[in-house]
1. Taking segment 87-122, which residues are of a type in the set (A, V, I, L, M) and under 18 Å from the mean Cα position of the chain (by Cα)?
2. Check segment 131-140 and report whether any residue there is among the small types (Gly, Ala, Ser) and surrounded by fewer than 18 Cβ atoms within 10 Å (Cβ to Cβ).
3. Among (1) modelled with pLDDT of 90 or more; (2) farther than 30 Å from Ser290 by Cα; (3) over 16 Å from the mean Cα position of the chain (by Cα), where does Gln151 come up short?
4. Output the qualifying pairs, or none if there are none: Cβ atoms under 6 angstrom, residues six or more apart or on different chains, first residue in segment 128-148 and in the same structural domain as Ile64 (by the TED database), second residue surrounded by fewer than 15 Cβ atoms within 10 Å (Cβ to Cβ).
Amino acid sequence: MSWLAIQTPNPPRPITYPAPYHVVGACLFDQFSIDFIGPFPTTESGNKYIIIAVENFTRWPVAIATKENDSLTTARFLYEHIFCNFGPPTHLLSDNGIHFLNNVVTQFLELIQVNHKVTSIYHPQTNGMAERINGVVVGSLKKLVLDNKKQWDQLLPVALYAYRIKIHTHLKISPYEALFGQAPGVPISDPLFNVGKVIGYERLVKLWGLRATMESDNDKLKNKLLTHKQFDSLKIGDRVIMKDHKRSGKNKMDPVFLPTIYRIIKAFKNSFQLIDEQGKVFKYRVNAASLKKYRKR
């Protein structure tokens, strides 16, 4: 048995790196996280997917049912449901899906001057905000559809509303209140006077207080991670092996890592660009959690 084969079955030691700072928006409409969910059972309208974007500061979700999960659908959604309603965000966070990296989407984002951030391959946790809301929305739809599984697209607005008005664990208020400055369903005797009052000074104070809380929490988390002991720290020039995320079987005896040895040629915040021993550069950045140092005999 080769020395490489001995190393590949073992899972990597946990590596802790500073949390990516683009996960939480710094202010209102600063950043949206976007993702596709599906496929679902095809509805009577022909819909099979959900495209969802989350405003990171308030956790306000925007989503529609779609027939395709392609770049044209993505660009149209961004234009009609994000840009035309909220204006262009500063940042857009997505995974490596081709529907987000296609020229149609890239050129549209360049046109409206949005900075497109892409998560590391095999590490969807970087886009954790969208991932968590995806799970909540799907769970709500499962409860609503019952035996009418082909009508889920008609129930999507209800599932979104239920999430928007629910108190968020981190915010301590609902996404609805964080965005609009008041709880939903509150009667207003004098709309002109009260709207000016609610979304004026009081709303400004509340949102700035929320921003300060988020920044404080982010600083605490960053300091905690920076002081945490890091195992097996990786750097440019290190030889590494990569976890096999495409194992079809669940046999515990199967190797966890691919038999290819790579070398790190570029380092980012918590991901790396790799090249194999034949000089072929790996197409995507790889998150540190999927790598393990190759140790010579």
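1. Going through segment 87-122, the residues of a type in the set (A, V, I, L, M) turn out to be 92-93, 98, 101, 104-105, 109, 111-112, 114, 118, 121.
Selection gives Leu92, Leu93, Ile98, Leu101, Val105, Leu109, Val114, Val118, Ile121.
2. Yes, some residue in segment 131-140 is among the small types (Gly, Ala, Ser) and surrounded by fewer than 18 Cβ atoms within 10 Å (Cβ to Cβ).
3. For Gln151, the failing item is (1).
4. Ser140/Ala162
The values are calculated or read from the model by the stated rules, or taken from the named source; none is laboratory data. A quick note: this is a predicted structure, and the numbers were derived from the prediction, not measured. Neighbour counts are summed over all protein chains in view; Cβ atoms, including those assigned to glycine, are modelled from backbone coordinates with ideal geometry.
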